[in-house]
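Q: After the structure tokens below, expect a handful of questions from me.
Here, each number is a calculation from the coordinates, and none is a lab measurement. For clarity, every value in this text was computed on a predicted model and none was experimentally measured. When we count neighbours, we look across all protein chains shown, and the Cβ atoms used for this are built from the backbone with ideal geometry, even at glycine.
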Amino acid sequence: MAYIQIPDDEKGYEFDLFCVPKHYEEDLDRVIIPHGLIMDRTERLARNIVRDMGGHHIVALCVLKGGYTFFADLLHYIKALNQNSEKSVPLTVDFIRLKSYCNDQSTNIVKVIGGDELSTLTGKNVLIVEDIVETGRTMETLLSLLSECNPKMVKVVSLLVKRTPRSSGYRPDYIGFEVPDSFLVGYALDYNEYFRDLSHICILNENAKEKYKV
């Protein structure tokens, strides 16, 4: 499985090299994955998914809220490939919301919102689209719930996978970037609902954790 590995000692990029909203400049340590690199990697993931799953009707299941931007961009690239290549993927979409964080700490309790709708996925080929896999327990919970509905096939694509000693060992089928064990925001990843409007993926600083704490 190919992915881009961001090392633990990655220095990232200074803010004056990119466009970062003024109201967030004092809240971030640095840009770790610029938006353009995210888009290029997402396009390649779309190509790999079409290569592997082309010809099957796929239900793309977006994990909200953090996955919505990656989901939209990934589907944009899949649709472009459908129009311009020999192999295409008939797509429908669905949404589910999972919640397991309070401030910057996992509660180890996964709340599934919309889980009763999973029954509609019986006998379907499902592509779960997630923004980040950290411990893996959230995705394992979703996969367990989904298996009770007997889908035909399930694949998982995650833009980010975090290197952390807390990991259960779970790995998605498709990975964009493997990232250090830091709290990341931007590109719809949030901290208490802030930073979803940041285009780049950045490391949140300690002052911001206190500033936006609930």
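Q: Mind pulling the angle between the C-alpha long axis of helix 137-147 and the longest principal axis of the chain? Nearest 10 degrees, somewhere in 0 to 90.
A: For helix 137-147, the angle is close to 10 degrees.
Q: Most fluctuating residue of D73, D52, D173 in a GNM of the chain with Cα springs under 10 Å: which is it?
A: In the Gaussian network model the winner is D52.
Q: For S88, enumerate residues with amide H under 5 Å from its amide H, sequence gap 5+ or separate chain, H modeled in the peptide plane.
A: Amide H neighbours of S88, under 5 Å, 5+ apart: G55.
Q: Where Lys and Arg each count +1 and Asp and Glu each count -1, what net charge lies around C62 among other residues with Cβ under 13 Å from its Cβ?
A: Once all neighbours under 13 Å are counted, the net charge is -3.
Q: Can I ask one more? Taking the range 118-214, which GluC sites (Glu not before Pro) meet the DSSP loop condition and have no more than 11 other C-beta atoms within 10 Å?
A: Here the GluC sites (Glu not before Pro) that fit, given the DSSP loop and packing criteria, are E148, E193.
Q: Of I38, I78, I113, which has the largest mean-square fluctuation in a 10 Å C-alpha GNM of the chain?
A: Checking each option, the largest mean-square fluctuation is seen for I113.
Q: GluC sites (Glu not before Pro), restricted to the range 1-39: which are DSSP loop and have at most 11 other Cβ atoms within 10 Å?
A: Those satisfying the criteria are E14.
Q: Starting at the first residue of the range 5-18, write each ³J(HN,Hα) from the Karplus equation 6.51 cos²θ - 1.76 cosθ + 1.60 with θ = phi - 60°, in whole Hz, x for Gly and Pro.
A: Running phi through 6.51 cos²θ - 1.76 cosθ + 1.60 with θ = phi - 60° gives 9, 8, x, 4, 9, 4, 7, x, 10, 6, 5, 6, 8, 9 Hz.
Q: Here's a follow-up. Ignoring the sites themselves, what is the longest stretch of the chain with no trypsin sites (Lys or Arg not before Pro) in a DSSP loop and at most 11 other beta-carbon atoms within 10 Å?
A: 12-212
Q: Let me ask another. By how many degrees, between 0 and 90 and to the nearest 10, does the Cα long axis of helix 68-84 differ from the longest principal axis of the chain?
A: Between the helix axis and the principal axis of the chain, the angle is about 50 degrees.
Q: What number, rounded to the nearest 500 deg cm²/dmol, is the helix-based mean residue ellipticity at 222 nm of the chain, given -39500 (n - 2.57) per DSSP H run of at least four residues and division by all its residues?
A: Mean residue ellipticity at 222 nm (helix-derived): -8000 deg cm²/dmol.
Q: Please list the non-local residues whose amide H lies under 5 Å from the amide H of Q5, H modeled 1.01 Å from N, same-chain partners needing a gap of 5 or more.
A: When sequence neighbours closer than 5 places are left aside, the close amide H contacts are E178.
Q: Working from Cα positions, state the angle (0 to 90°, nearest 10) between the long axis of helix 35-53 and the longest principal axis of the chain.
A: 20 degrees
Q: Less than 16 Å apart at the alpha-carbon level, and either on another chain or at least 8 residues along: which lysines does that give for K65?
A: K99, K111
Q: Once all Cα-Cα distances of the chain are split into 5 Å bins that start at 0, what whole-number percent is in each one?
A: Percent of pairs per bin, in order: 1, 7, 15, 19, 20, 17, 11, 6, 3, 1, 0.
Q: Moving on to the next point. Please work out whether the range 1-42 counts as rounded, prolate or oblate from its C-alpha gyration tensor, where a ≥ b ≥ c are the square roots of the eigenvalues and a/c under 1.5 means rounded, while otherwise a/b larger than b/c means prolate and anything else oblate?
A: Oblate, because a/c is 1.5 or more while a/b does not exceed b/c.
Q: Can you tell me which of T122, T69, T135 moves the most in a GNM of the chain? Springs connect C-alpha atoms under 10 Å apart.
A: T122
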